[in-house]
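Some notes on the structure that comes next.
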Amino acid sequence: MAISGTTKVCAIIGDPVDHSLSPVMHNAAFNELGLNLVYVAFTVTANELKDAMLGAKSLGLRGLNVTMPHKNAVIDYLDFVDSTAEKIGAVNTILNNRGKLTGYNTDGSGAMIALQENGVDIEEKKMLLLGAGGAAKAIAYKAAEDVDELVILNRTEYKAKQLAKLLSSTFDSKITSGTLSSSVLKAELENADVLINATSVGMHPDIESSPVPSDLLHSNLCVMDIIYNPLTTKLLNDAKSVGATAISGLEMLIYQGAVAFEIWTNCPAPVEVMRDAAINVLEKRGVHC
Ligand code: ATR
């Protein structure tokens, strides 16, 4: 795309951002639709966040993605925060509308759309969510809107308990918590429909690990991992082996990006183009596809 005097800029800010897949995904999407937008990555340390946000306003950046370590702290510099992001307490997408910054969280909706687009209906289902960190919290808030039962299991049990308590005050669905152990997994997985791994267990270089013993998986399950390096984690391989549906973390990454794209452009995101662009980079990096 030819950059001109009217080209608008979107960017990701975080530290580190060098390996982010967002620039390739969004630039491919902007090109596909012929939009006069370009997407770049800015390394912004915690000390620089305030200046970066003032700069985003004064330079007229159209939109931002926000990643580690700023997803919580950035809220202080926004004019508006959408209700989901406010509840989660984390923002990963910002729209700059004539100098007014609005924060959104597209991680949870990205995960829900990833399930939907892969043929998984979570309505009135039992979901097991592994992890209680930032990603798990974003997913839990969206999932709790639709599931019948949500069970949050975490290595550090009190974090799962806190998250379940927070969610229970907002949603009607049955929300419980526990420790991430084989015995709890065994009991909870038996009648579960959906399992989401939002822990870092199985992420490169720890690729031989899985948060779930393989013999506890069953063919009625749909398993989604939020890890995309490797694209097929041990958990997903084990899920496939027993005939369960397996959805890669790349799907969540793509759909959280697609939702952000639509917030900035008001155009439907060219999801296949974004997926191809991301896979292309991952292959070049030697990520096992
Ligand atoms: P993110 O923003 O990706 O969610 P995070 O907030 O650091 O990252 O959360 C990481 C999650 O992975 C947490 O739920 C963490 O469990 P703890 O709360 O007990 O730390 C989980 N996790 C990381 N390493 C783990 C391991 N070896 N076994 C089990 N869970 C692990």
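The values are calculated or read from the model by the stated rules, or taken from the named source; none is laboratory data. Note that this is a predicted model, so its numbers are computed, not measured. Counting neighbours? That spans all protein chains shown, and the Cβs are built from the backbone with ideal geometry, glycine included. Note: areas computed on protein heavy atoms with side chains; ligands, DNA, RNA excluded. Shrake-Rupley method; radii C 1.70, N 1.55, O 1.52, S 1.80 Å.
For the cross-link pairs 126/240; 57/284; 71/161, the ones whose C-alpha atoms lie over 30 Å apart are 57/284.
Modelled label positions at residue 172 and residue 124, each set 7 Å beyond Cα in the direction of Cβ, lie 1.3 nm from each other.
Solvent-accessible surface of the chain, averaged per residue with a 1.4 angstrom probe and all protein chains in place: 46 square angstrom. Would you mind getting me the FRET efficiency between residue 208 and residue 98? Use the beta-carbon distance for r and R0 = 51 Å, nearest 0.05. The value I calculate is 0.50. In summary, the convex hull built on the alpha carbon positions of segment 1-113 has an orientation-averaged projected area of 7.2 nm².
Applying 1/(1 + (r/R0)^6) with R0 = 35 Å to the Cβ-Cβ distance of residue 237 and residue 72 gives a FRET efficiency near 0.55.
The stretch between residue 19 and residue 219, if pulled fully straight at 0.36 nm per residue, gains 68.5 nm over its current Cα-Cα span.
Computed in the context of the full set of protein chains, the accessible area of the chain at 1.4 Å probe radius has 48% of its extent on carbon or sulfur. Segment 136-210 and segment 232-289 have Cα centres lying 21 Å from one another. Working from label points 7 Å from Cα in the Cα-to-Cβ sense, the residue 156 to residue 1 distance is 4.0 nm. Taking 0.36 nm per residue of separation and subtracting the current Cα-Cα distance, fully stretching the chain between residue 58 and residue 183 would add 39.5 nm.
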